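Taking it in order: structure first as structure tokens, then the write-up.
The values are calculated or read from the model by the stated rules, or taken from the named source; none is laboratory data. If you're wondering where the values come from, they're calculated on a predicted model, not measured in any experiment. For neighbour counting, all protein chains shown are included, and Cβ atoms are generated from backbone atoms with ideal geometry for every residue, glycine included.
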Amino acid sequence: MNIVMKQYFLFFLFISLFLANKVICQAPVAAYAGNSGKETFYDVTEISNGTVLVCGYAENFDWVPSNVPISALSYSGNIPNSQGSNRYGVILQLSHDLQTLIRIVHFPQGAVEDIRFMKFNSLPYSPTGDLFISCNTSDTDNNNGGYIIAKLNNNFVQGYPTNVSNFAVVWAKSVAKETHPWDISSNNLIYYVSGEAHGYDWSAMYSLDQNFSRRVVENWRTHWLNNGNEFRGTPASSNPNGGINQVNYSGITFKIWGRCELRSWTWEDFNSIHPDGNGGTRKGKWPADILFNSPCDPQNPTETGPGYTGYSAEACCPVWGASSITVDKRNGDVYLGMNFKSYSNPFNSPDFEPAVIAFDESGSVKWWSRLYHEITPAGDTIESLPDQYVDALAIDYANDKLVVGARAHGNNTENLWEGNTIAINPAAFGFQNRFTGVNGDIHESWLGKFDLNNGVLTNATYLAEMTDATSSFGDPHPDPNLDGWPNPNSGWVNLNSTRISKNALKVSSSGEVCIIASGRRTITTANAYQKMVKPFYGGVSAWNSFVRVYDSEFHVPKYSSLIVGVWDTLTSIGGSNTEIYGIHKTSDGIYAVGKQTADGIGIPNGNPIPVSNVPNWASNLPSGESAIIVFYPASNIDNPSDGYSNILTNKAVSGDRRLFNIYPNPTTSQINITLNEGFANLSFNYTIYSVEGKKLISGTAENSAQINLENFSNGIFSLIIECGEITVREKIILIEDK
């Protein structure tokens, strides 16, 4: 074969292998982790060396292969967990395809109940920054049981974490303990909520500095002084008792009795009229004004209602409920989601009123939104009787918008804003514009996008799946990927409760919105891994967990798939048995994690999920309460900007590794490279790079090469092989020899 023919042969072989590899690389993964002990995965993310981090808890490590390094985190200080269940809070590091378990890092047994969330001080899809986590704790109120926020000393890219650099103990109950409302700025300032919700005790938002000490926020309105007293006013530097130097720290308190937080302090502010962000208006500068009939004097607080729409504060519960925080990594602006327990005097009905509040870095309020009209565009003053909650917040950096995940319990004339009533864009529409049907006593979820600068609503959709037995379907949706499901905007189907997972909303690099939820007759897409039986084909549904990716304007779900045990479509037996907590959008699909539930004696509930490409460290069947991990690929959500393929090195690389044998990988010391059959007597160049792009080893070989990595620390490396016009990249994983 002459040189020209050989080059053409290599080119066409490369193309065919590359196209085949696109299918192989996108193979779905669905598997269990664990053994007869309890295991749950809570959060999942990809980091900039291309590996995947998963956190949660395990009762033991008997299920982990013997060659996987397992190391404990050290820490100084006391973590209150005296009433804990003696399990391990864990972080797993996995290869991008989930087939290789690289390492496990964990807290000492019994130190914490789990690792619930992982967050970084870096922008999504940028080089991975400092790693922060939160962990549940179980202890008495006096010992500040609730959760901790911690910073680890490494991020799995620059190195493996070995200890907790610092941590803060957060007393929390009810909503705050369930949702862990906290986030981190790019300069390592932490914002978090402590306390309870809708009770009698206490709740507040605080901020921590880089040393994990509560800090002063200049334009918040409650400040605790060094002498133990309070200064209520703004800015903090105007403190009349010694100025800023005598201010210890600041907070936003979520309590009515004896306080004036989130309320107007002057009649001018109390009576002021403001646009509501969607064509209507509202009275009062602050979100709690709706509950009261006058402004509040911080030196002589009053709590008299009702407010101008007819709501007053519910007598039972002076503490409000703060549920979600997100921080803009670019400028330090802070966004808070919460609700107020209220009482409708005209209808003699308890209620909950939501609010999303935007603060700039100094603590000044930029805007806030009620998510529904208090005064309609027509000028009518109304109440919104359904209970409403804010379940998740995230930032759409591509479009400079805040994404809000909310929920309503019940339905009425005025509810969370509809997808086709967007004042700034009359042509806007959502996949599910509004509540339909006659089932009022249910929970329906909602997604909205707001301009980060002014709080104007730009997009919205309801997220409420059908009941098992309903009719009035309307026309099939015109999008072929909706697989013949009825268009939610053309019929009048009855809906069932649908709840998004709290504080698990993610946004892709282009603004697509990724959610986890639970529903009944869930709409699934044609490209779904696990589909729901359509109602007009016969067969019953089962309660299920599902993952969904909406386009950036909520027009359609681009991907929607179940994660649930395979159920009997005659009886629904076998399903209703999974809880999914974490989701992450990557370049070629989505990761999701959670658990299959078990009964009181440890027998798995229902049937197994449909498994696929089960890694050798995982299992194809649950053993009691078992962790679940999935990777669902779909070509219509592929986006290289949602991954890290271009961060490992500065070189543009392409190709297919099956032109070569590269083994063993992972390795403890050495990598072998050999040309596959049919490529004898060809030379190639090879280079090993660190994840930061630093060249470590390079050479030229013919037919084969052996690369010694014994002098390097464990971690991820990038191998580049150049052979004629073909360039191949492979991630190399170096682990310790146990």
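On inspection, residue 344 qualifies as surrounded by 19 or more Cβ atoms within 10 Å (Cβ to Cβ) and touching a residue at least 24 places away in the same chain (Cβ under 8 Å).
For the stretch 704-738, a residue qualifies if it is part of a strand (DSSP E or B), within 34 Å of the chain's Cα centre (by Cα) and in contact (Cβ under 8 Å) with a residue 40 or more places away in the chain, and the qualifying residues are 715, 716, 718, 719, 720, 728, 729, 730, 731, 732, 733, 734.
Of the candidates 245, 226, 211, the single residue that is over 21 Å from residue 359 (Cα atoms) and either among the β-branched types (Val, Ile, Thr) or in contact with a helix residue (DSSP H, G or I) (Cβ under 7 Å, 6 or more places away or on another chain) (or both) is 226.
I need a count of the residues in the stretch 144-198 that are of a type outside the set (Ser, Thr, Tyr), assigned to a helix (DSSP H, G or I) and crowded, with 20+ Cβ neighbours inside 10 Å. Of the residues in that region, 3 qualify.
Tell me, yes or no, whether the stretch 256-267 has at least one residue that is over 24 Å from residue 405 (Cα atoms), in contact with a helix residue (DSSP H, G or I) (Cβ under 6 Å, 6 or more places away or on another chain) and not polar (S, T, N, Q). Even if it seems obvious, please write down each step before you answer.
Within the stretch 256-267, the first condition is being over 24 Å from residue 405 (Cα atoms), and the residues that meet it are 256-261, 263-267.
Now narrow it down to the ones that are in contact with a helix residue (DSSP H, G or I) (Cβ under 6 Å, 6 or more places away or on another chain): 263-264.
Remaining after also requiring not polar (S, T, N, Q): 263.
For the stretch 256-267, residues over 24 Å from residue 405 (Cα atoms), in contact with a helix residue (DSSP H, G or I) (Cβ under 6 Å, 6 or more places away or on another chain) and not polar (S, T, N, Q): present.
If you go through the stretch 573-626 and keep only what is β-branched (Val, Ile, Thr) and touching a residue at least 24 places away in the same chain (Cβ under 8 Å), you end up with 573, 578, 580, 583, 586, 590, 593, 597, 609, 611, 614.
Can you pull out every residue in the stretch 566-599 that is of a type outside the set (Val, Ile, Thr) and in contact with a Ser or Thr (Cβ under 7 Å, 6 or more places away or on another chain)? Within the stretch 566-599, 572, 577, 579, 581, 584, 585, 587, 594, 595, 596 qualify.
For the stretch 609-628, the criterion of being under 21 Å from residue 116 (Cα atoms) and at pLDDT below 95 is met by at least one residue. Count, please, the residues in the stretch 369-391 that happen to be at pLDDT 95 or above and crowded, with 21+ Cβ neighbours inside 10 Å. Residues in the stretch 369-391 being at pLDDT 95 or above and crowded, with 21+ Cβ neighbours inside 10 Å: 10 in total.
The condition of being assigned to a loop (DSSP other than H, G, I, E, B), of a type outside the set (Asp, Glu) and modelled with pLDDT of 95 or more holds for only one of 405, 430, 437, that being 430. If you go through the stretch 208-229 and pick out every residue that is of a type in the set (A, V, I, L, M), in contact (Cβ under 8 Å) with a residue 40 or more places away in the chain and part of a loop (DSSP other than H, G, I, E, B), you end up with 1. Within the stretch 503-514, the residues that satisfy the criterion of being crowded, with 21+ Cβ neighbours inside 10 Å, of a type outside the set (S, T, N, Q), part of a loop (DSSP other than H, G, I, E, B) and touching a Phe, Trp or Tyr at 6+ places or on another chain (Cβ under 9 Å) are 504, 512. Just wondering, is there one or more residues in the stretch 315-323 that are surrounded by 20 or more Cβ atoms within 10 Å (Cβ to Cβ), touching a residue at least 12 places away in the same chain (Cβ under 8 Å) and within 25 Å of residue 124 (Cβ to Cβ)? Taking every residue of the stretch 315-323 in turn, at least one turns out to be surrounded by 20 or more Cβ atoms within 10 Å (Cβ to Cβ), touching a residue at least 12 places away in the same chain (Cβ under 8 Å) and within 25 Å of residue 124 (Cβ to Cβ). Inside the stretch 521-540, residues that are closer than 21 Å to residue 469 by Cβ and surrounded by fewer than 23 Cβ atoms within 10 Å (Cβ to Cβ) make up a count of 9.
Here residue 306 passes the criteria (1) within 17 Å of residue 368 (Cβ to Cβ); (2) of a type outside the set (A, V, I, L, M, F, W, C); (3) in contact with a strand residue (DSSP E or B) (Cβ under 7 Å, 6 or more places away or on another chain) except the one numbered (1).
Only one of 497, 490 is buried (at least 16 other Cβ atoms within 10 Å of the Cβ) and small (Gly, Ala, Ser). Can you tell me which? Don't jump to the end; show me each part of the working.
On the way: 490 fails: buried (at least 16 other Cβ atoms within 10 Å of the Cβ).
Within the list 497, 490, the selection yields 497.
In a residue-by-residue description of the stretch 381-391, the property of being in contact (Cβ under 8 Å) with a residue 12 or more places away in the chain, under 23 Å from residue 435 (Cβ atoms), in contact with a helix residue (DSSP H, G or I) (Cβ under 8 Å, 6 or more places away or on another chain) and of a type in the set (Gly, Ala, Ser) applies to no position. In the stretch 17-39 there is no residue matching the filter, namely being within 15 Å of residue 94 (Cβ to Cβ), crowded, with 16+ Cβ neighbours inside 10 Å, in contact with a Gly (Cβ under 6 Å, 6 or more places away or on another chain) and at pLDDT 50 or above.
Within the stretch 312-357, track down each residue that is over 18 Å from the mean Cα position of the chain (by Cα), part of a strand (DSSP E or B) and of a type in the set (Phe, Trp, Tyr). Matches in the stretch 312-357: 340, 343, 352. Looking only at residues of the stretch 252-291 that are among the small types (Gly, Ala, Ser) and touching a Leu at 6+ places or on another chain (Cβ under 6 Å), we find that the one that is surrounded by the most Cβ atoms within 10 Å (Cβ to Cβ) is 277.
Is the stretch 67-88 home to any residue that is within 19 Å of residue 133 (Cβ to Cβ), within 23 Å of the chain's Cα centre (by Cα) and not acidic (Asp, Glu)? For the stretch 67-88, residues within 19 Å of residue 133 (Cβ to Cβ), within 23 Å of the chain's Cα centre (by Cα) and not acidic (Asp, Glu): present. Selection of first residues in the stretch 60-86 that are on the phi > 0 side of the Ramachandran plot and part of a loop (DSSP other than H, G, I, E, B) and of second residues that are β-branched (Val, Ile, Thr) and surrounded by 15 or more Cβ atoms within 10 Å (Cβ to Cβ), restricted to Cβ pairs under 9 Å at least 6 apart or on distinct chains, gives the following pairs, ordered by first then second residue: 77/164; 77/169.
Does the stretch 230-251 contain at least one residue that is surrounded by fewer than 18 Cβ atoms within 10 Å (Cβ to Cβ), in a strand (DSSP E or B), over 34 Å from the mean Cα position of the chain (by Cα) and among the acidic types (Asp, Glu)? There is at least one residue in the stretch 230-251 that is surrounded by fewer than 18 Cβ atoms within 10 Å (Cβ to Cβ), in a strand (DSSP E or B), over 34 Å from the mean Cα position of the chain (by Cα) and among the acidic types (Asp, Glu).
Summed over the stretch 88-134, the residues that are in a loop (DSSP other than H, G, I, E, B), modelled with pLDDT of 95 or more and charged (D, E, K, R) give a count of 4.
In the set 481, 487, 503, only one residue is without any contact (Cβ under 8 Å) to a residue 24 or more places away in the chain and touching a Pro at 6+ places or on another chain (Cβ under 9 Å); that residue is 487. As a summary of the residue check, residue 44 satisfies the conditions (1) closer than 25 Å to residue 108 by Cα; (2) surrounded by fewer than 20 Cβ atoms within 10 Å (Cβ to Cβ); (3) at pLDDT 95 or above except for the one numbered (2).
Considering (1) crowded, with 17+ Cβ neighbours inside 10 Å; (2) in contact with an Asp or Glu (Cβ under 6 Å, 6 or more places away or on another chain), the lone condition that residue 332 does not fulfil carries the number (1).
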